[in-house]
Every structure is written in structure tokens, then in C-alpha cells.
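The values are calculated or read from the model by the stated rules, or taken from the named source; none is laboratory data. Here the structure is a predicted model, which means the values were calculated and not measured. Counting neighbours? That spans all protein chains shown, and the Cβs are built from the backbone with ideal geometry, glycine included. Accessible surface is based on the protein model in full, side chains and every heavy atom, while ligands, DNA and RNA are left aside. Shrake-Rupley method; radii C 1.70, N 1.55, O 1.52, S 1.80 Å.
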Amino acid sequence: MTRSTRIAAVAAALLITAGAAGSATASGTWEGKGPREAAALTGTAKLYRPAGDDITFTFDAHLAAKDNTHPENATGTFRFSHYKGDWGGYAVAQVDCLATGGKVAVVTGRIIETDVAQFKGARVGVSVNDLGTHDRLGYSWLTQDPQKGDVPKCQTAPPFEKVKEGTGDFHVLPWILDYPTQ
């Protein structure tokens, strides 16, 4: 399977699984707000941790309208941190792929800044399910150590984590693909 075929398959699976939410139209407008980008993931939230860990994820990832069929042309960054007491660390990743479907987003990127030196340069992935007050999130290091290899672009674990109540403001702009009619 070629890379383009894999990307198309991932996109189709996301759209079939999650459905296209919102009121986007084929003409490229979004809820009457004029031209829209092809996809986006923005916002910040803390993960639910009863032991008091402070785990925060922030996203500013975008796919321009001109790149609608090329999710690997997405731009932006995402940041995550994990602190408890005097222990912890952070990382910032440069986005290298973004795919969305309905209220679900998958984003990957290379770590470009961190205070955990062994992770610099690794590709990591994060998924988000934008459920309003009950957002969820998943990350690739659940199953793959960033020191032992890259995750493929636009692939990661499903959104298995709960977001701490009152902190989630993720917004997923669903991807709309134009399918050939001939």
C-alpha cells in the first residue's frame, strides 16, 4: 500500500467512524463564516489525575484549504507537559500531519523543544475527541517508547484519557473530502 493510499484510507476511516459533524458545505464555507481551512485542532486541557499530577496538552494545528488532500502538509505545534511536585517535563512538537473526522482529530509531530533530552527529534502522536465538557485524549507513548522509534504520520492511540472537568476547550474542525463523481 502506497503512502498516499494509506493516508486516504486513514481519512476515509476517520470520516466513516466519526461522521462529518458541523455545518460545513461542499463550497468550503463553515457555519456562514466564509472560507475555511481544511482541518484544525486547537485548545488546551488538563488530564484527569486524582493523584494530583498536572498533565496539560495544548494544540494549535491547522491544515490549509489548498492542502485538503495532503494531511502531511499540516502546520502548527502542540505542547504537552507532566509535572508532580518537583518532578516533570515538557515537550513541544512541530506538526507534520493532521487528520480530522467529525469531532475526532489525530495529529503527529516531531519534538523540537523539550527538557527531556532523549526525546528531542522523536515523532509522537496524539488523538482528541472533542466532546464539549467531556473531551478525551490519547497519545502514542501509551504503546510505543519515543526513544525506540517513530510512530507513522497521522497515527496514534485512540482517545482513552479523560480530561479534567472544567479544563477542556479542544475544538476539532472536521475535514471534508471532495469525492470524485466519475
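Before moving on, here are some points about what is shown:
- Note on PHE160 and TYR90: with the Förster distance fixed at 22 Å, the Cβ-Cβ geometry gives a FRET efficiency of about 0.55.
- Excluding ligands, DNA and RNA, the accessible surface per residue across the stretch 97-182 is 50 Å² with a 1.4 Å probe.
- Computed from the Cβ-Cβ distance with R0 of 22 Å, the FRET efficiency linking HIS171 to TYR83 stands at 0.30.
- q = 0.13, 0.21 Å⁻¹, the stretch 53-138: log10 I(q)/I(0) [Debye, one scatterer per Cα]: -0.45, -1.01
- Taking chymotrypsin sites (Phe, Trp or Tyr not before Pro) across the stretch 147-178, the ones in a DSSP loop with at most 15 further Cβ atoms lying within 10 angstrom of their Cβ are PHE160.
- Carbon and sulfur %, accessible surface of the stretch 73-182 computed with the full protein complex present, 1.4 Å: 52 percent
- Whole-Å semi-axes of the ellipsoid equivalent to the stretch 105-152 (Cα gyration tensor, √5λ, descending): 23, 11, 9
- All-pairs Cα distance distribution in the stretch 133-182, expressed in whole percent, bin size 10 Å: 20, 33, 30, 14, 3
- Take the Cα of ALA65, step 7 Å toward its Cβ, do the same at ILE112, and the gap between the two points is 2.5 nm.
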